[in-house]
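Comments concern the structure below.
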Amino acid sequence: MDAISVIRAKRDGSRLTDAQIDWIIDAYTRGEVADEQMSALAMAIFLNGMDRAEIARWTAAMIASGERMDFSSLPRPTADKHSTGGVGDKITLPLAPLVAACGAAVPQLSGRGLGHTGGTLDKLESIPGWRAQLTNGDMLAVLRDVGSVICAAGEGLARADKKLYALRDVTGTVESIPLIASSIMSKKIAEGTGSLVLDVKVGSGAFMKDIDSARELATTMVGLGNDHGVRTTALLTDMSTPLGRTAGNALEVRESVEVLAGGGPADVVELTLALAREMLDAAGLKDADPTKALADGTAMDHWRRMVAAQGGDPDAPLPVAREQHVLRAESTGVLARLDAYAVGLAAWRLGAGRARKEDPVQAGAGVELHAKPGDHVTTGQPLLTLHTDTPSTFAYALEALDGAIGYAPANTEHTATPIVLDRIAQG
Ligand code: URA
């Protein structure tokens, strides 16, 4: 077997054989296939696709490239959630302790942000003392004691994906359904969860800009999960405008705590509860009542214990950016559009995100929304507050927001886009 014949086969539109897939993933993980060869193959896959059997085999080979975790010693059923990433998507923060409060174990292996979407670990690291890096033993201990844990995936999981994802990021080959589906699902299956709910985002702030491609991605991932014995469903959810009223690390933690305290923005609460019900259903806990656990403080109690178990102080004040700039409404009427991608890019430029994975992020930076699409606004009222420690970035962030905000006359009937657009239970 050699890399050139595998690349040529996919370049010329053939399907890869099981043997070719197993060989190339293994040889790439061991460093025998060079990055430039894998880049060429990733581009050939990006352009020519893979069929269902190829994606399944590719995913299995990526799982086999690393270790598999095992939570079968836990007394509770395991349930996990994965979001394909969006702007203001802080849902994991209230969701993990909420689902734990309802009786499931939630092993949430999360990532850092790259580009315009934030990363769950960056958000949690704005809590003084909180640690993302846990050994497998520590992770199991937190899961046993608290019921939920949010931490960084260890180096050993789906090792081929670690190398391949970094390569795709710099070769314009991220947005490929076979490559995204196999990347996400290899990590989730190797993680060893019994059930999984996928939150597949659709809209300007998401990888998938239209509902048909989101549906195809969701269906592919649901099929992969169920074929590997992980009960998997997906919700397609709106990402045309930011989720909630904040995008940025500490700003999003504050909003998540508001949700756990029984308040918070309606869209964040609605999506948290919708995903919690899906997770509890998939875990076989059909009688659990997440609305009650949110209202009576048990979810908040789990949050506090989870943060403390990872060294964080749930009572410590969260960092606040040194400088603020207020962007005001330019018109009176109904706010018709507030583009998710533009807000994500602005938050990133203010310092909430990173350009390279080694870059630091500012805990306090980000964008706060004072109005959401459908709200009535008047000329001069604050629409957005930009937060940063580096005021030289304001102009650059404002440039990102150029053309992102649309108004309609005051008497316009605004039909709100529902948060949950579709549900996929079959691959
Ligand atoms: N997240 C992943 O883990 N992999 C992808 O390919 C895209 C998003």
Estimated FRET transfer efficiency (Asn226, His414; beta-carbon r; R0 60 Å; 0.05): 0.95
Theoretical FRET efficiency, 1/(1+(r/R0)^6), r = Cβ-Cβ of Gln426 and Met1, R0 35 Å, to 0.05: 0.50
Linear extension gain, Thr135 paired with Ser392, 0.36 nm per residue minus alpha-carbon span: 88.6 nm
Candidates per GluC sites (Glu not before Pro) in segment 163-239, loop by DSSP, up to 15 other Cβ within 10 Å: Glu175
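Trypsin sites (Lys or Arg not before Pro), restricted to segment 1-65: which are DSSP loop and have at most 12 other Cβ atoms within 10 Å? Intermediate values should be presented prior to the final figure.
Values: sites: Arg8, Lys10, Arg11, Arg15, Arg30, Arg52, Arg57; in loops: Arg15, Arg30.
Those satisfying the criteria are Arg30.
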Alpha-carbon Debye profile of segment 323-408, log10 I(q)/I(0) at 0.11, 0.26 Å⁻¹: -0.29, -1.26
Helix-derived mean residue ellipticity, 222 nm - over the chain, DSSP H n ≥ 4, -39500 (n - 2.57), to 500: -12500 deg cm²/dmol
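Report the FRET efficiency, 1/(1 + (r/R0)^6), for His325 and Asp212, where r is their Cβ-Cβ distance and R0 is 51 Å, rounded to 0.05.
Working: r = 38 Å, r/R0 = 0.75.
Calculated transfer efficiency: 0.85.
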Per residue accessible area of the chain, 1.4 Å probe, in Å²: 39
Residues listed by number, segment 146-176, amide nitrogen under 18 Å from Glu36 label point at 7 Å toward C-beta: 167-168, 170-172
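Quantify, in whole percent, the carbon and sulfur part of the accessible surface of the chain (1.4 Å probe; protein heavy atoms only).
Working: 8720 of 16840 Å².
Whole-percent figure for carbon plus sulfur exposure: 52.
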Neighbour cut-off at most 15 other Cβ (10 Å), DSSP loop, GluC sites (Glu not before Pro), segment 298-399: Glu330, Glu358
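Suppose the chain between Thr378 and Thr171 were pulled fully straight at 0.36 nm per residue; how much longer would it get relative to their current alpha carbon spacing?
Details: separation 207, 0.36 × 207 = 74.52 nm, distance 4.47 nm.
Separation in residues times 0.36 nm, less the Cα-Cα distance, equals 70.0 nm.
The values are calculated or read from the model by the stated rules, or taken from the named source; none is laboratory data. Keep in mind that this is a model prediction, so the values were computed, not measured. Cβ: placed from backbone, ideal geometry, glycine included. Neighbour counts: every protein chain shown. To get the accessible areas, we keep the full protein, side chains included, count just its heavy atoms, and leave off ligands, DNA and RNA. Shrake-Rupley method; radii C 1.70, N 1.55, O 1.52, S 1.80 Å.
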